[in-house]
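Have a look at the structure below before the remarks.
Only the coordinates and a few stated rules stand behind these numbers; no lab work does. Computed from a prediction, not measured in an experiment: that's the story for all the values here. Please note: Cβ atoms are built from the backbone with ideal geometry, for glycine as well, and neighbour counts cover all protein chains shown.
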Amino acid sequence: MSEHVFKDFYRNTVTYSTEKDPFSNDPKHVWVVCRYRESWLLTRHPSRGIEFPGGKVEKGESADEAAVREVHEETGGHVSTLYYVGQYMVEGRAETVIKNVYFAEVDRLEKKDSYFETEGPLLLERLPHQPKKKKNYSFIMKDDVLPLSMKEIEARFLNT
Ligand code: GTP
């Protein structure tokens, strides 16, 4: 059992695990690390900044379905393969958020007129070493969830 506990950008307590559904088998949030060709596929949120796509699971939808939908809504990307990576729990002042982390391979990037609540896709060959120091990056990219997820993804899915 490998659980990691740390503080996020807002000093909320986060618990992260790569076990299957450690905190909930019905999480209401998803976050998707996306790969398109040789690049990482992210989105630009108008207020939060650059982040991997994600959002809330809708009524009648599974978390896996929400992951595929959010990637398409926020980037135009079509997910060809979706892998579960882990799950984390954020204990905020008001509420607790439980989020599934996925790795998605995207095989097609559709150009769209609207990307819902975001400004659309952003392709990066490399992720910044210290997103915490970058003003244009979302708080979601600024805690240990990103390096822990990338470590898992590199070990399991990338041939580096
Ligand atoms: P809306 O309901 O869409 O307006 O969003 P919200 O920000 O009010 O609620 P949400 O349920 O998405 O998140 C509630 C709080 O949980 C946020 O304000 C964050 O503090 C925290 N949170 C949500 N997602 C994450 C995440 O991926 N990482 C971290 N560290 N905190 C998160």
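If you go through the range 98-115 one residue at a time, do you hit one that is within 15 Å of the ligand (Cβ to nearest atom), assigned to a loop (DSSP other than H, G, I, E, B) and surrounded by fewer than 17 Cβ atoms within 10 Å (Cβ to Cβ)?
No, because not a single residue in the range 98-115 is within 15 Å of the ligand (Cβ to nearest atom), assigned to a loop (DSSP other than H, G, I, E, B) and surrounded by fewer than 17 Cβ atoms within 10 Å (Cβ to Cβ).
Within the range 85-99, residues that are free of Cβ contacts under 8 Å to residues at least 60 places away in the same chain and hydroxyl-bearing (Ser, Thr, Tyr) sit with their Cβ atoms under 8 Å from residues that are part of a strand (DSSP E or B) and within 7 Å of the ligand (Cβ to nearest atom), at 6+ positions apart or across chains, in these pairs: 96/90. With respect to the numbered conditions (1) assigned to a loop (DSSP other than H, G, I, E, B); (2) within 12 Å of the ligand (Cβ to nearest atom); (3) not polar (S, T, N, Q), which one is the sole condition not fulfilled by residue 20? Unmet condition: (2).
Scanning the range 131-160 for residues that are outside any helix (DSSP H, G or I) and of a type outside the set (D, E, K, R), we see that the one that is nearest to the chain's Cα centre (by Cα) is 138. Restricted to the range 23-40, and to residues there that are within 17 Å of residue 110 (Cα to Cα) and in a strand (DSSP E or B), the residue that is nearest to the chain's Cα centre (by Cα) is 34.
Just one of the listed residues (81, 43) is away from the ligand (no atom under 11 Å from the Cβ), at negative phi, outside any loop (DSSP other than H, G, I, E, B) and exposed (fewer than 14 other Cβ atoms within 10 Å of the Cβ), and it is 81. Scanning the range 135-156 for residues that are closer than 13 Å to residue 86 by Cβ and in contact with a strand residue (DSSP E or B) (Cβ under 6 Å, 6 or more places away or on another chain) turns up 144, 145, 148, 149, 152, 153.
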